[in-house]
Amino acid sequence: MRPADASAESFASYPPQARAFAVQHLAAIQKLPAAFAALLIKQVIQYDWLFPAERKDLEDQFAYLESLTSADLERSMRGFAAASPSPALRRIDWIQRPEEYVEAFTADLWSGHHMDSFRATAEAYTAAWRKAFPESEPPAPRLAVVVLGRDLRADGYPLFRKLAPHGVRIAQVDGNGAWARILEVAAARAGKTPVPYGHWYIDGGSPPFSIDARLSAVTWMQLAPVRTAMLSRMQTVIASGHGGPEELRTLMAETTLKEVGMAADARDEVLSRFQLSVLAEGSGTQIFSTTFVQWTAREALRRAQPCTLLLRYAPRQRQLPMNELLAGTGDRNAPDPQGSLIDADMGAYYTWIDQRRLTGAEQATFVAWSEAHGQAVVVGPNAPRGTTTENAMTMRQVFEQFV
Amino acid sequence: MHLPGTPGAISWNRREFLRNAAKVGASGALLGFSPLRAAAVPRRKKAVVVTFGGGARDEETFAPEGQENIPGMLSVLIPQSTFYTQVVNHGILGHYVATASLATGVYETFDNFAAVPPHDPTVFEYFRKGLGRPATDAWVVAPSNGFNRIGESDHRGYGEGLGAGVILPKHLLRAAMPAAAGSDYGHLLRDNYEDPYYTPELAGNEVQLQQLDQILRLSVGDFTQHALTLSSPDELSVYIARQLMRELAPSLLWITLHDIDIAHSGAYSLYIDGIRRSDRLCVQIWNTIQAEPEYRDCTTMFILPDFGRDADGDAGGNGFQHHRTGDALSRTTWMMVLGPGVRQGVAVDRPVDSLDLVPTLGSLLGFPAPLAQGKLLTEVL
């Protein structure tokens, strides 16, 4: 179906809020090229379960499109309309199966060598609508705290090598009372700025303390049954030998809560669906807890744009070498403290980069702390770049001085 | 603020740090060329091509902070090589289709995950047809089932019966190991890291388990026993490659390493382990070339990643984990060339194309590659 032929009935199967949103903006949708319409519809169909920040982005984007004259809209969409859809792509129902359409469209871009021009077009479009509708500043300066848990250790490993040049390295952090202080700070921020999905806690194991109910919490252990169900679903698909990877990836992305034994939490279906998406769409998130923490943090920052983000890395399982796997001598549940530390160090760096992508980056503060090694790094407006402090500090002092 | 790893940040210093890493001079400084190493004309030229399927980024290899991961390349290989600091891949960034493009000299456009042969003639077909070489003289050792069609195209003028034999060591190992134990190591032997769902049918020139003895003089028992001493599939690939070199001494041998691609799991430490292993294995392959009389002094070795991985600063990706954005870092990589007649300690800064490999191999070994679209890498000819 061409976007021009879409009608209110086309969206009848959508969840209620998504349907209402699509119908409200039907006139704008009808004027878009199919590929661009599918990219937007992929978001619209999820509207009922989007975070507030995502909803606002979507609303702003339609407001921008609807504000353009016909000539400006045509100019803005020219690049998107340039790549003519392949016959296979035309057969996909972009309204009902936008995920599949976008997947196939991406494959077309690669095979037709249009990816570079599409990137340029998309960047130009984003810059234009962001100029017209700037992103909101956060309600409070953002803070991210990444803790490399006490079981992550490696002798001689140069911790925080990528982060340290951007802030202050603290050579000795007293672990006593450190967690209590971090949790106090997170809870206080959630109390002071009570925005929905504005404050998060993500754990790569099982949290060794209770989590303030005002934080949106996602933990590796809590999702263990879902991970098992997800891996089993993947194995079934692999063993069947049917279907290409795109089809299978779409199938995973379209996995429902029920299919992996996840009860739709009436109190917070948005969070339940977010958790499912981390496991269904993330690569390696079902297998390695370190990947799970990094990817969950990335997605939380990208989608929910929180003010407060608190992460704890725990050891991931060891990747057995081939000889141990073949001989059946390896313990697949054994932890890998060294590898986990390296993963988490890189993960912390990526979380800092992802935090920097959001508004208010100049006022944002980032803290990474290794419990086992007693070292920390703080990046932010109060943390002098490229410096080191050798004095022993408590976490309270770290927060008072640099955050 | 300038996010690290953005294209702007890459371009300004890429060549500089690669040159520093290699501690070699720019190719413009012709007076810096070393004397030709092989004074005598080689009796019969051979070529060994090693690609890293599962590309590695500069940051983890030749950038200052990455050099600790490639001690073998820095201390052993680079000083003996002509080093191209910018090899740009303009094609699809999927491992099979990209490696097929390297092998045909044409940017192939088929679905990366489809079990199809390249549509343009491969270097193996050019080589065999052009020089009238037998099937035993061109081989591919590749990591996964998806590569089983890489030895031979479906091009009408070349194609069937003119390609290379393909050995898929993981496939052989899966066939050799007791079925009951399969589930314990299934994930290790699964097809690839990029897409764990992909389980293609085999239908190419690949060697089957029962041919091991006939081709490599290797019993299934010895093969599995040796596999039990190795820590990774790439080590198994190199073991097979060395066996091939001893038994058949092919003139054209193509080895694709793939351990690095575990990066798709998101575990940075495992990605680094893969790079360090590839570094060690490249030195091992070079040492084998020097140790085998059939190869010593007549073999040119090419080492290149098929492409890079996404930059940390590209919002569309997740850094090292994938190669999906098509950004500058994921498209730009390097190549080193070593062997008799190849100038040592030279860095070539001009950008070259991934497609340039095939015509260069053709010129080096003396066969035409009429449909390949790359240009000659004159610095190594």
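The values are calculated or read from the model by the stated rules, or taken from the named source; none is laboratory data. Since this is a predicted model, take the numbers as computed values, not measurements. Heads up, the Cβs are rebuilt from the backbone with ideal geometry, glycines too, and the neighbour counts pull from every protein chain shown.
Residues that are more than 7 Å from chain B (Cβ to nearest Cβ), modelled with pLDDT of 95 or more and touching a Lys or Arg at 6+ places or on another chain (Cβ under 8 Å) within region A:280-301 comprise A:Ser289, A:Val293, A:Leu301, listed in sequence order.
Kindly indicate the residue of region A:304-323 that is within 13 Å of chain B (Cβ to nearest Cβ) and assigned to a helix (DSSP H, G or I) and also modelled with the lowest pLDDT among those meeting that condition. The qualifying residue modelled with the lowest pLDDT is A:Asn323. Evaluated against (1) within 13 Å of chain B (Cβ to nearest Cβ); (2) modelled with pLDDT of 95 or more; (3) surrounded by fewer than 17 Cβ atoms within 10 Å (Cβ to Cβ), A:Leu152 falls short on exactly one condition, (3). Scanning region A:324-343 for residues that are touching a Ser or Thr at 6+ places or on another chain (Cβ under 9 Å), within 25 Å of B:Phe320 (Cβ to Cβ) and either more than 9 Å from chain B (Cβ to nearest Cβ) or among the acidic types (Asp, Glu) (or both) turns up A:Asp336, A:Asp343. Scanning region B:281-315 for residues that are within 14 Å of another protein chain (Cβ to nearest Cβ), out of contact with any Lys or Arg (no Cβ under 7 Å at 6 or more places or on another chain) and farther than 24 Å from B:Asp353 by Cβ yields B:Leu281, B:Asp312, B:Gly313.
With respect to the conditions (1) out of contact with any Lys or Arg (no Cβ under 7 Å at 6 or more places or on another chain); (2) crowded, with 18+ Cβ neighbours inside 10 Å, A:His166 lacks only one, and its number is (1).
Looking at region B:302-310, is at least one residue farther than 28 Å from A:Ser111 by Cα, at pLDDT 95 or above and not small (Gly, Ala, Ser)? No - not one qualifying residue is present in region B:302-310. The helices (runs of 4 or more DSSP H) located wholly in region A:1-92 that include 2 or more residues which are modelled with pLDDT of 95 or more and surrounded by 18 or more Cβ atoms within 10 Å (Cβ to Cβ) occupy A:16-24, A:26-30, A:34-44, A:52-67.
Within region B:69-124, being part of a helix (DSSP H, G or I) and under 14 Å from the mean Cα position of the chain (by Cα) holds for B:His95, B:Tyr96, B:Val97, B:Ala98, B:Thr99, B:Ala100, B:Ser101, B:Leu102, B:Ala103, B:Thr104, B:Val123.
Residues in region A:383-403 that are surrounded by 15 or more Cβ atoms within 10 Å (Cβ to Cβ) and part of a loop (DSSP other than H, G, I, E, B): A:Val403 alone. So B:Val337 ticks every box in (1) away from chain A (no Cβ under 14 Å); (2) on the phi < 0 side of the Ramachandran plot; (3) assigned to a loop (DSSP other than H, G, I, E, B) but one. Which box is left unticked? So the condition that B:Val337 fails would be (3).
Listed here are the residues, each with its yes/no results for (1) within 22 Å of A:Glu299 (Cβ to Cβ); (2) touching a helix residue (DSSP H, G or I) at 6+ places or on another chain (Cβ under 6 Å).
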residue	(1), (2)
A:Arg75	no, no
A:Ala88	no, no
A:Asp93	no, no
A:Trp110	no, no
A:Met115	no, yes
A:Phe118	no, yes
A:Ala124	no, no
A:Glu135	yes, no
A:Leu143	yes, no
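Return a yes/no flag: does region B:254-268 have any residue that is at pLDDT 95 or above, at the interface with chain A (Cβ under 9 Å from one of its Cβ atoms), in a helix (DSSP H, G or I) and more than 25 Å from B:Val358 (Cα to Cα). Yes, region B:254-268 has at least one match. The residues of region B:71-98 that are in contact with an Asp or Glu (Cβ under 6 Å, 6 or more places away or on another chain), away from every other protein chain (no Cβ under 14 Å) and crowded, with 24+ Cβ neighbours inside 10 Å, listed by number, are B:Met73, B:Thr82, B:Thr85.
Candidates B:Gly204, B:Gly186: the one that is assigned to a helix (DSSP H, G or I), at pLDDT below 75 and not acidic (Asp, Glu) is B:Gly186.
Looking only at residues in region A:97-127 that are acidic (Asp, Glu) and within 23 Å of A:Asp60 (Cβ to Cβ), the one that is farthest from the chain's Cα centre (by Cα) is A:Glu123. The condition (being assigned to a helix (DSSP H, G or I), surrounded by 17 or more Cβ atoms within 10 Å (Cβ to Cβ), touching a helix residue (DSSP H, G or I) at 6+ places or on another chain (Cβ under 8 Å) and at negative phi) is satisfied by just one residue among A:Trp200, A:Trp129: A:Trp129.
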